[in-house]
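**Q** Mind having a look at this structure? Questions to follow.
The values are calculated or read from the model by the stated rules, or taken from the named source; none is laboratory data. Just so we're clear, the structure is a prediction, and the values are computed from it rather than from any experiment. Don't worry about glycine lacking a Cβ; one is built from the backbone with ideal geometry, like all the others, and counts go over all protein chains shown.
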Amino acid sequence: MRFFLLFFSFASFTKTILIDPGHGGYEVGAKIKHNKKEIYEKDLTLTFANLLKEKLRKHHNIILTRTDDKFYSLEQRAKMAQEVKADLFISLHFNASKIKSVSGAEIFYLDNHKNKAVAKIESLENSELHQSKSDIVNKILIDLAINLNLDASKEFASIVHSKLKPVYSNFEIKDRGLKPGLFFVLALSKTPGILVEIGFISNAQERKKILTSKYLDKSAEAITLSINKFFLKKQKL
Ligand SMILES: [Zn+2]
């Protein structure tokens, strides 16, 4: 009987999670030369997405917005979240800066109230869009007005942040915090979601941790725990 109950609770707990490895194809994202070789953000996001998928697939239905090195527009990715009826959307990214000393990890959630969020529209993660900045902001704000997932996104982001914090300390990664942002892909997915910047590949020390240490594995583990905690909390409500 106890076994049956356990099985039943897991079965009802299964969610559809859409993992979005940022960039792809000709849109390589952040890039940096490392040991005479170019390192592209698009490859790292796919590696990390697969790592996360492996950890989550035991209990959830996991779909990736791309499984190979192909270009999909931000609109296509967001549409996919609606088509597969995703319960959660996680966009994965790595950062780069011209200032080599800049480092750290940050988590973004959608917010239409903060000025900071509007500033973030200039970010690399929206750079694929070729419309004018005001057009993009307007489009996102109109969409946010009918977006019912803002609170859930913020709640999920704060759980992920609390689970990632000990990982940041263990690997001496600077915690750049939990931030509001206006990301096209998050706004249009119409699903609770976050965008995670896992670290700066332009910072030599951090790049080493991203490429060689267990930092990615432990981060994927923390995100997995966060997802389970988020849905368990929802189930209890
Ligand atoms: Zn990116």
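**Q** Can you pull out every residue in segment 28-71 that is within 16 Å of the ligand (Cβ to nearest atom) and more than 16 Å from the chain's Cα centre (by Cα)? So that I can check it myself, show each step before the final result.
**A** In the first step, residues of segment 28-71 are kept if they are within 16 Å of the ligand (Cβ to nearest atom); the result is 28-32, 38-49, 52, 64-66, 69-71.
Val28, Lys31, Ile32, Glu38, Ile39, Tyr40, Asp69, Lys70, Phe71 - these are the residues of segment 28-71 that are within 16 Å of the ligand (Cβ to nearest atom) and more than 16 Å from the chain's Cα centre (by Cα).
**Q** Okay, next question. Mind checking which residues of segment 162-209 are in a helix (DSSP H, G or I) and over 24 Å from Tyr40 (Cα atoms)?
**A** The initial filter retains those residues of segment 162-209 that are in a helix (DSSP H, G or I), namely 162-170, 184-189, 204-209.
If the condition is that a residue be in a helix (DSSP H, G or I) and over 24 Å from Tyr40 (Cα atoms), then Ser162, Lys163, Lys165, Pro166, Ser169, Asn170, Ala187, Leu188, Ser189 are the ones that fit.
**Q** Only one of these is without any contact (Cβ under 8 Å) to a residue 60 or more places away in the chain and in contact with a Lys or Arg (Cβ under 7 Å, 6 or more places away or on another chain): Tyr109, Tyr72. Name it.
**A** Working: Tyr109 fails: without any contact (Cβ under 8 Å) to a residue 60 or more places away in the chain.
Exactly one of Tyr109, Tyr72 is without any contact (Cβ under 8 Å) to a residue 60 or more places away in the chain and in contact with a Lys or Arg (Cβ under 7 Å, 6 or more places away or on another chain), namely Tyr72.
**Q** Taking the conditions exactly as written (surrounded by fewer than 22 Cβ atoms within 10 Å (Cβ to Cβ), over 26 Å from Glu206 (Cα atoms) and within 16 Å of the ligand (Cβ to nearest atom)), does Lys79 satisfy them or not?
**A** Values: surrounded by fewer than 22 Cβ atoms within 10 Å (Cβ to Cβ): yes; over 26 Å from Glu206 (Cα atoms): yes; within 16 Å of the ligand (Cβ to nearest atom): no.
No.
**Q** Of the residues Ser91, Ser97, which single one is within 16 Å of the ligand (Cβ to nearest atom), at pLDDT below 95 and surrounded by 22 or more Cβ atoms within 10 Å (Cβ to Cβ)? If you could, list the steps in order and put the result at the bottom.
**A** Numbers: Ser97 fails: surrounded by 22 or more Cβ atoms within 10 Å (Cβ to Cβ).
Only one candidate passes the filter, namely Ser91.
**Q** Among all residue pairs at least 6 apart or on different chains, which show Cβ distances below 9 Å where the first residue, located in segment 27-54, is in contact (Cβ under 8 Å) with a residue 12 or more places away in the chain and at positive phi and the second is within 11 Å of the ligand (Cβ to nearest atom) and in a strand (DSSP E or B)?
**A** Correct list of pairs: Gly29/Tyr40; Gly29/His93; Gly29/Phe94.
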